[in-house]
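The structure appears below as structure tokens.
Nothing in this text is a laboratory measurement; each read-out follows from the coordinates by a stated rule. Just so it is clear, the model here is predicted, and its values are computed rather than measured. Neighbour counts run over all protein chains shown; Cβ positions are idealised from the backbone, glycine included.
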Amino acid sequence: MKEVIAMHGWCSDSKSWTIWKRHFSSNGWLWQSGERGYGTVKPFEPDWKSDKTNNSYMKKALICHSLGAHLLSSKLLSEARDIVFLNSFSRFIPKGLESRALKIGLAGMQKHLINATEKNMLIAFLTKASSPHDFRRNAPDLINQSLSSKGREKLQADLDILIKTNGLPTGISPKARVLVINGEEDKILHPSTKKDLLNQLNDYLNKPPQNWIIKGEGHSILQPKLIKDVRHWMDE
């Protein structure tokens, strides 16, 4: 049997994987979606089912969007045979002079989370992340509902994790097969950030990662064909 665990990124939720889950489940995969609980969806920390069934031959795969890989346990990462990084990063803030504007922007986002401009900031972020698509096409639960105090605390804590990222997520096995997918029109990740992830994976893994560039897509890739292509890659 084959199982896949997916983890959403900052300011998103597990509902973003609905189409992915439907496709993988209908093709023989056991699917779980991690959930941080920013909105009204209850938090959920997934774990490998094969550990409970003693099925050591079960194929284990991870799909992580953006910050997602940094929100998973080292145990999950260490046991994954296949890992898909979807517009992900090892270090979000690039080194050098280009980091200054990004640091200022992130500091501003932190301040917005504790005042009346909070929702406008989140909508602005999602608009940028969803470009060239309309963010309402796949809007997370936290936009449609008021943030709870716990949800706000989790958003703040995870934004802090994002700001402090400084390397590959802890636990990745050097033996893992890795696919890095980037939207060509991504307005969230700096170009040097994308290169840093690939360079670090090249240095760390036994086999270099594959890298797909998706034309006409941004940070939140909504292209249905990609889901099928990723499954075919995992089934190899």
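Charges only on Cβ, +1 for Lys and Arg, -1 for Asp and Glu: so what's the dipole of the stretch 129-169 about the Cα centre, in debye to the nearest 20?
Once rounded to the nearest 20, the dipole reads 40 debye.
Give the residue from 71, 39, 126 lying farthest towards the positive end of the charge dipole for the stretch 36-137; charges sit on Cβ (+1 for Lys and Arg, -1 for Asp and Glu) and the dipole is referred to the Cα centre.
126
For n ≥ 4 DSSP H runs only, could you compute -39500 (n - 2.57) per run for the chain, divide by its residues and tell me the 222 nm figure to the nearest 500?
Calculated mean residue ellipticity at 222 nm is -11500 deg cm²/dmol.
When the dipole is taken about the Cα centre of the stretch 56-146, and only Lys, Arg (+1) and Asp, Glu (-1) are charged at their Cβ, what size is it in debye, to the nearest 20?
Value, rounded to 20: 200 debye.
So who's got an amide H within less than 5 Å of the one on residue 63, skipping anything under 5 residues away but keeping other chains? H placed 1.01 Å off N, in plane.
Those qualifying (amide H under 5 Å, at least 5 residues apart or on another chain) are 5, 6, 7, 84.
In the chain, what percentage of the DSSP-assigned beta bridges are antiparallel, given to the nearest 5?
Here the share of antiparallel DSSP bridges comes out near 5 percent.
Got a sec to turn the phi values of the stretch 195-212 into Karplus ³J(HN,Hα) couplings, 6.51 cos²θ - 1.76 cosθ + 1.60 with θ = phi - 60°, whole Hz, x for Gly and Pro?
5, 4, 4, 4, 5, 5, 5, 4, 6, 9, 7, 5, 10, x, x, 8, 9, 10
With just the Cα atoms defining each centre, how far is the stretch 1-51 from the stretch 179-223? Give it in Å.
If you average the Cα positions of each part, the centres end up 21 Å apart.
From the phi angles alone, apply the Karplus equation (6.51, -1.76, 1.60; θ = phi - 60°) to the stretch 158-166 and give each ³J(HN,Hα) in whole Hz, x where the residue is Gly or Pro.
Whole-Hz 3J(HN,Hα) from phi for the stretch 158-166: 6, 5, 5, 4, 4, 4, 8, 4, 8.
Once you place label points 7 Å from the Cα toward the Cβ at residue 233 and residue 175, how far apart are they in nm?
2.2
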